[in-house]
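Below you'll find the structure, written out as structure tokens, and then a few comments.
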């Protein structure tokens, strides 16, 4: 049953991606990334934003702040980029598609690191391995990789990056060191005991 559900989810995701790919009209699909950028600049050149534009931008900003997007992206940046796309493409692009195109420009590395650091230090209250130094390293490492990928990381990619960040920042290293020291101490005590008993 679980496998069936997973297959459905994958197929649904593919269908969404396929649908998004079909949104652009042919004349835009044929344009390169650079040509699209030039096209947008031409449309916006001399354009005067209307009251309706500003209202749309404000609504987008509020939604960004409310739905948790601000944990990873700068909402002011997203709102500003959003209205540009909206002016150029109107209803040709959905809000989802617009976000996919603009999000890479608006990754808030500081916010990503700050939120991860806060979550990490909360774990430190019950597990000393999550120390302040570890959490700072872990949060900054992950945020840097997130930024490098323009915020476009799959769930699997996020998990893998978190694991690598933990390894790079020495998660569990103190515990391993302590266990190694304990084993050495136990071996030394056992050796002295053997000497006293004349076994060595």
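FYI, it's all coordinate maths here, none of it is from the lab. Just so you know, these numbers come straight off a predicted model, no measurement behind them. Positions of Cβ are backbone-derived with ideal geometry, glycine not excepted, and every protein chain shown enters the neighbour counts.
Among 53, 26, sorting on how many other beta-carbon atoms sit within 10 Å of each Cβ, with the fewest leading, yields 26, 53. For segment 55-105, the percent of C-alpha pairs falling in each 5 Å distance bin, counted from 0 to the bin holding the largest distance, reads 4, 23, 36, 26, 9, 2. Of interest is the spacing of the C-alpha centroids, which for segment 22-50 and segment 146-169 amounts to 32 Å. Only counting other Cβ atoms within 10 Å, I'd like 141, 96 sorted with the fewest neighbours first. Neighbour counts put them in this order, fewest first: 96, 141. With the simple model of a label 7 Å out from the Cα in the direction of the Cβ, residue 87 to residue 39 spans 1.8 nm.
Between residue 129 and residue 71, the modelled label-to-label distance comes to 2.3 nm, taking each label 7 Å out from Cα in the direction of the beta carbon.
Stretching the chain fully between residue 48 and residue 156 yields a gain of 34.6 nm (0.36 nm per residue, less the alpha carbon separation).
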